[in-house]
1. If the convex hull of the alpha-carbon atoms of the stretch 252-368 is projected onto planes in all directions, what is the mean projected area in square nanometres?
2. Using the Cα centre as the reference, give the magnitude of the dipole from point charges on the C-beta atoms of the chain (Lys, Arg: +1; Asp, Glu: -1; all else neutral), rounded to the nearest 20 debye.
3. Gap in Å between the Cα centre of the stretch 166-242 and the Cα centre of the stretch 257-306?
4. Find how much the distance from Leu119 to Asp269 grows on full extension, using 0.36 nm per residue of separation minus their present alpha carbon separation; answer in nm with one decimal.
5. How big is D, in µm² s⁻¹, for the chain by Stokes-Einstein at 10 °C and 1.306 mPa s if Rh is the Kirkwood radius over C-alpha pairs?
6. Report the FRET efficiency, 1/(1 + (r/R0)^6), for Glu258 and Glu226, where r is their Cβ-Cβ distance and R0 is 51 Å, rounded to 0.05.
7. Using only the Cα atoms of the stretch 1-130, what are the Rg and Dmax in Å?
8. May I ask you to compute the full-extension gain from Gln363 to Ile26, defined as 0.36 nm times their residue separation minus their alpha-carbon distance, rounded to one decimal in nm?
Amino acid sequence: MLQAKIPILDLSHEIEFIWDELNAAIQRVLRSGQFILGPEVEAFEQEVAQYLGVKHAIGLNSGTDALFIGLRALGIGPGDEVITTPFTFFATAEAISLVGATPVFVDIDPATFNLNPDLIKERITPRTKAILPVHLYGRPAEMEPILALAGQHGLKILEDCAQAFGATYRGKKVGTLGQAGAFSFFPSKNLGAYGDGGLLVTNDDQVAETARMLRAHGSRKKYFNESIGYNSRLDALQAAILRVKLPYVDAWNQARREAAQRYNQLLADVTGLLLPEVSEGHVFHQYTVRVLKGRRNQLQKALAGEGIGTMVYYPVPVHLLPVYGLPRGAFPEAELACLEVLSLPLWPQMSPEVQVRITRALQRAITA
Ligand SMILES: *Cc1c(COP(=O)(O)O)cnc(C)c1O
């Protein structure tokens, strides 16, 4: 029997579910004639700030822009060092380099895939200005020790929340734990637009004002530019789409957690795999297993042969990419994770039957 392919991500269910609301929102923007910033973006900024429990939300062009505008607004620049993880999407470190600072990597805790707080202290120097933790795969980083270290050493914290919209750490939304938080609305993220988009959030009035100035060519007042900024504005169509989706995001994150739980049950007896913990506040942007004994690539290929899409986030740790070019062995846990991780298909409306098909194929492939 020929079976339909299962992609790693299928947005069609979500789009069908909110089809009428999306159409109404898009038509509202078309009729308004206001396409860049304007009332739709302001309304979204207010709604998302309220959802996250933060004073300021600034709509930007992308998550990458939110990271580097956030760093600049926090006063990070040439000569400064920023501590971050090498096991992340390139944009995390790229943003640090883009503002002229130097990324200083710290290895991950293999159990969480996030920054290992115990290894941060030894990397702090007189030049260190900030820590940039990433909440990878939707799992909040272990923030308490990171916040304590930042307090002791007078460091700023910018959270990379690109994969963790709605995730909570000890009851507080990620992005609101440090001085600022950066979010991405890339279509595949937990709260995704249908194009590029990003957001910076902060409780600091000064940081918010600087970020608003930077996103509009360094001007507070049109044509009175006061510094070299960027063209990095959220557009009204994306804001209107995000306003439709925001009220559903908690239910969708909960559905992701339930799908992750179901995967863990279905895969509990499979040997040669390490399954992710359904930890507190985790919103499962990705459901990522570790495939042991060097069998990850072979397993991925076998699943592809059965029409099942999977992804490796990420095949190369950032410190080994040629632009940073640090020696192999520098961050062994990140390097090992890159050889073992495999993300399985996951979306909120995914049916248990699809998960059964995926896990059966996986079991067959791993015991073959
Ligand atoms: C997606 C992502 C980004 C970048 O977001 P864009 O909106 O694509 O620019 C940054 N960091 C992490 C961890 C991401 O997953």
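1. Details: hull surface 32.4 nm².
If you wrap the Cα atoms of the stretch 252-368 in a convex hull and average its projections, you get 8.1 nm².
2. On the way: 35 positive and 37 negative charges, 78 e Å.
With Lys and Arg at +1 and Asp and Glu at -1, about 380 debye.
3. Rounded to whole Å, the Cα centres lie 32 Å apart.
4. Working: separation 150, 0.36 × 150 = 54.00 nm, distance 3.36 nm.
That works out to 50.6 nm of additional length.
5. On the way: Rh = 21.2 Å.
Estimated diffusion coefficient is 75 µm²/s.
6. 0.55
7. Every Cα atom of the stretch 1-130 included, Rg and Dmax give 20.5, 64 Å.
8. My answer for the length gained is 116.9 nm.
Taken together, the values in this text are just the output of simple stated rules run on the coordinates, not laboratory data. A quick note: this is a predicted structure, and the numbers were derived from the prediction, not measured. Counting neighbours? That spans all protein chains shown, and the Cβs are built from the backbone with ideal geometry, glycine included.
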